């Protein structure tokens, strides 16, 4: 087993901290807490999703491993672009957040997808989640260990109080630098990423983490907003569930994140992806039509 870090608490920086400083901390520890990143939006977003979450089922349908991984006493709400106006208009393409994501994703990719966006609410009594790396969505990279490219990262936003007793996400700082990514560590090596509502944990897809055990009497709610390189298939198939009418109202950056625009390889060489008859997807869908008309 790889050694643990001497870090007993993740470093915290205020929202607006220069991206280079945020990246420096992530390179050292694997993750960093951004204080108040979405403090202005969380109450309004919660108000939108409260009626849905209150009736949502616990657990997910799937094989035994997936049901265990997702949490049998955890609610997971997806399709947030369609279900939350606050999310799609104020959060998905937040400039500060994306400036931080850029430092990781744009090293090997000209643009990137929103891999998944979901509200994760641990109910009282939920047990600790198995430790994992988000990079494992793409298992080919696991064999490279710390030398693997940064192909995935996550921005985990506290939508409620986020205490250790409530099941704050547990992380192993420094595990993104372990040589052997088959080594997933032990719970004794973890620390809790304690946050206030509106704070965000931004971390590398190489860092080991997992949901904590909710030993409290209150649900612990978070928004998990993950990203992956533009040349990888994302977890959620947004073009099939987000109505084109909603996509048309969103920024070009948000459309790119959701897969409504093509991906072009220039940084590392290669061709264009996600096209129709070699036509840029944004043009095929006439997403630029209103902009052209306005000119």
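Full extension from residue 249 to residue 27: what is 0.36 nm times the residue separation minus their Cα-Cα distance, to one decimal in nm?
Extending this stretch completely gives an extra 76.3 nm.
Below 8 Å, C-alpha to C-alpha, sequence gap of six or more: please give me the relative contact order for the chain in percent.
Computed over the chain, the figure is 24 percent.
Let me understand the chain better: what is its radius of gyration from the alpha carbons, and its Dmax, in angstrom?
18.8, 61
Which of 52, 120, 172 moves the most in a Gaussian network model of the chain with Cα springs under 10 Å?
52
Please report the spacing between the Cα centers of region 206-221 and region 1-42 in Å, no decimals.
18 Å
Give me 144, 112, 278 sorted ascending by neighbouring Cβ count inside 10 Å, so fewest comes first. Walk me through the numbers on the way to the answer.
Working: 144 13, 112 26, 278 8.
Exposure proxy ranking, most exposed first: 278, 144, 112.
Provide 264, 57 in ascending order of the number of other Cβ atoms located within 10 Å of each residue's Cβ, fewest first.
57, 264
If R0 is 51 Å, what FRET efficiency do you get for residue 237 and residue 8 from their C-beta distance, rounded to 0.05?
Using R0 = 51 Å, I get an efficiency of 0.80.
Report the residue, chosen from 126, 67, 245, that carries the largest GNM mean-square fluctuation when the chain is represented by alpha-carbon nodes joined by springs under 10 Å.
Residue with maximal mean-square fluctuation among 126, 67, 245: 245.
For the chain, what does the helix formula give at 222 nm: sum of -39500 (n - 2.57) over DSSP H segments with n ≥ 4, over the residue count, nearest 500 deg cm²/dmol?
Here the helix-only value at 222 nm equals -6000 deg cm²/dmol.
By its C-alpha gyration tensor, with a ≥ b ≥ c as the square roots of the eigenvalues, how is region 203-286 shaped: rounded for a/c under 1.5, else prolate for a/b larger than b/c, else oblate?
Judged from the Cα gyration tensor, region 203-286 comes out oblate (a/c at least 1.5, b/c at or above a/b).
How do 66, 258 line up, fewest other C-beta atoms within 10 Å first?
Fewest-to-most Cβ neighbours within 10 Å comes out as 66, 258.
Under the 0.36 nm per residue contour assumption, what length would be gained going from the current alpha-carbon distance of residue 132 and residue 273 to full extension?
Difference between extended and current length: 47.8 nm.
According to the square roots a ≥ b ≥ c of the eigenvalues of the Cα gyration tensor, what is the shape class of region 1-111, taking rounded for a/c under 1.5, prolate for a/b larger than b/c otherwise, and oblate for the remainder?
On the way: a/c = 1.90, a/b = 1.27, b/c = 1.50.
Judged from the Cα gyration tensor, region 1-111 comes out oblate (a/c at least 1.5, b/c at or above a/b).
For the chain, what is the percent of antiparallel DSSP beta bridges, rounded to the nearest 5?
Rounded to the nearest five, the antiparallel share is 95 percent.
Coordinate-derived values only; no laboratory data. Only a predicted model underlies this, so the values are computations on that prediction, with no experimental measurement involved. Here Cβ is always computed from backbone atoms with ideal geometry, including for glycine, and neighbour counts include all displayed protein chains.
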